[in-house]
Amino acid sequence: MPKEQYPSMNRPEVNSTAFTPRLLPTFPYAAQNVLYSLAQLVVAAASLFLTVFLFIPLSLLRAMLPKRWLQPVGMTQQEATEKTKRNRVVLVVGASRGIGFSVMKQYVNEPDTVIIAASRRMDHVRSAVARLGKTPATIHCAEIDLNSPNKHIVDAIKQLDIQYGPITHLYEVSGLANSLDDSKDWDLDVVMDLVNVNVVGTITAVMTMYDLMKERRYGKICVVGSTVGHFFPANTLTYSATKSLINSFTTGLRVLGTPVGIEVTSVQPGFIDTRMTDGMKREGSTAPKMGMGDPNGLARTMKQAVEGGGVGVICWPGSQGMIMFALRALNPICDDFGKWVSMKLGLGGRKIS
Ligand SMILES: NC(=O)c1ccc[n+]([C@@H]2O[C@H](COP(=O)([O-])OP(=O)(O)OC[C@H]3O[C@@H](n4cnc5c(N)ncnc54)[C@H](OP(=O)(O)O)[C@@H]3O)[C@@H](O)[C@H]2O)c1
């Protein structure tokens, strides 16, 4: 399709270069930024020291421990199995395609496992499940729209928990970007949709399961945020801000959940080859196609972390995770500049999201 047919690709906000000397930093502000960078160097050195000399030896010790010492806190896997009468009851929200569908595929060959495949539209989930054919695991389809009022989401999840549960695993994968609909420009409606699905709906689903699991003192919650929660091209501000909140919320919940027997894993993918990034490519993204991650590889890594424990944050592919974590060390002036440069380079496409 010719470029002119995507009005958003020619948006003035993304393409213009509005420089004025007023944007140059004042001396006190620049000096303050030097101090921020020096403080970051000290923290990065301390963090490297602690990881090499404390956490690396502890990880080697972990590899030598007997398996029974690595059971989830609060309840053993055997107790959990007795309680649920099944190995696992896995709720995947966003199972109709992309990363969520790949996560579902990780469990379909396991007998004695129940999968509840949910997404915004029942017909999408049904056709995804139909593509899997007959599977050893039992699969039930469900409709959960994260853009609906909170009460609907809470009631839908509680109902699934009664009907097929108790749910032992939640994979909260669903998410929305403004790259899916080429005709939609960035406005308040788009911002509210992204906030409602990626933040309000996501947190409603996670907290509903957290409360149910807390009563049972057992459960695993895996939530998909993004590496763009750390650093992002300026024109992807809404999507990235929602993902930043999810990254923060999930890593905090991991610490709170441990004493009550709930293991929380934060997934922060880089570019993954799905419908979402297809939209970005159509919108002119210059992100290198070679670096796109395979959703099945990510899903395998997610399952290993969720089942094996010991991994708090998954950044995948690892090379992209490394770059995005390094960019967290930008001081505010360089962060502003980096957001502008990456927008001009078109890394997140030409559209505002
Ligand atoms: N692809 C990437 O490069 C990338 C990178 C970092 C993070 N992520 C995150 O990974 C997650 C999955 O993305 P993906 O790439 O697999 O995207 P995708 O292929 O577009 O799949 C999105 C999934 O979310 C569901 N969904 C959308 N709106 C929903 C709503 N209102 N209620 C419930 N479910 C809804 C869709 O269901 P329907 O089919 O029923 O609409 C679909 O199952 C998202 O949270 C995304 O932000 C993706």
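The values are calculated or read from the model by the stated rules, or taken from the named source; none is laboratory data. Everything quoted here is computed from the prediction, not taken from an experiment. Because the Cβ atoms are built from the backbone with ideal geometry, glycine has one as well, and the counts that use them run over all protein chains shown. Accessible surface is based on the protein model in full, side chains and every heavy atom, while ligands, DNA and RNA are left aside. Shrake-Rupley method; radii C 1.70, N 1.55, O 1.52, S 1.80 Å.
Values as computed for the structure displayed
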{"item": "Potential extension, K289-D181 segment - 0.36 nm per residue separation minus Cα distance", "result": "36.8 nm"}
{"item": "GNM result for the chain, Cα springs below 10 Å: residue of L70, L194, L48 fluctuating most strongly", "result": "L48"}
{"item": "Relative contact order of the range 247-352, pairs being alpha-carbon contacts under 8 Å that are 6 or more residues apart, as %", "result": "35 percent"}
{"item": "Dipole of the chain, positive end: most advanced residue of S102, L330, T135 [Cβ charges, Cα centre]", "result": "T135"}
{"item": "Those trypsin sites (Lys or Arg not before Pro) in the range 221-294 that DSSP places in a loop and that have at most 10 other beta carbons within 10 Å", "result": "none"}
{"item": "Dipole in debye (nearest 20) - the range 118-246, about Cα centre, beta carbon charges: Lys, Arg +1; Asp, Glu -1", "result": "680 debye"}
{"item": "Sites R282 and T51, calculated FRET efficiency, Cβ-Cβ separation with R0 35 Å, nearest 0.05", "result": "0.30"}
{"item": "Cβ charges +1 (Lys, Arg) and -1 (Asp, Glu), total dipole of the chain, debye", "result": "700 debye"}
{"item": "For the chain, average projected area of the Cα convex hull in nm²", "result": "20.0 nm²"}
{"item": "Alpha-carbon centroids, the range 277-310 and the range 333-353: separation in whole Å", "result": "21 Å"}
{"item": "Within the accessible area of the range 270-311 (1.4 Å probe), percent carbon and sulfur", "result": "56 percent"}
{"item": "Pairwise FRET efficiency - D189 versus T26, Cβ, R0 = 51 Å, nearest 0.05", "result": "0.85"}
{"item": "Debye equation applied to the C-alpha atoms of the range 237-286, log10 I(q)/I(0) at 0.16, 0.19, 0.32 Å⁻¹", "result": "-0.61, -0.74, -1.14"}
{"item": "Given K105/K243; K105/K134; K158/K220; K134/K303; K214/K303; K281/K303, the pairs whose alpha carbons are separated by over 18 Å", "result": "K105/K243; K134/K303; K214/K303; K281/K303"}
{"item": "Percentage relative contact order, the chain, counting C-alpha pairs under 8 Å, at least six apart", "result": "20 percent"}
{"item": "With every protein chain in place, the range 204-245: carbon and sulfur % of accessible area (1.4 Å)", "result": "59 percent"}
{"item": "Accessible area expressed per residue, the chain, with surrounding protein chains retained (probe 1.4 Å, Å²)", "result": "51 Å²"}
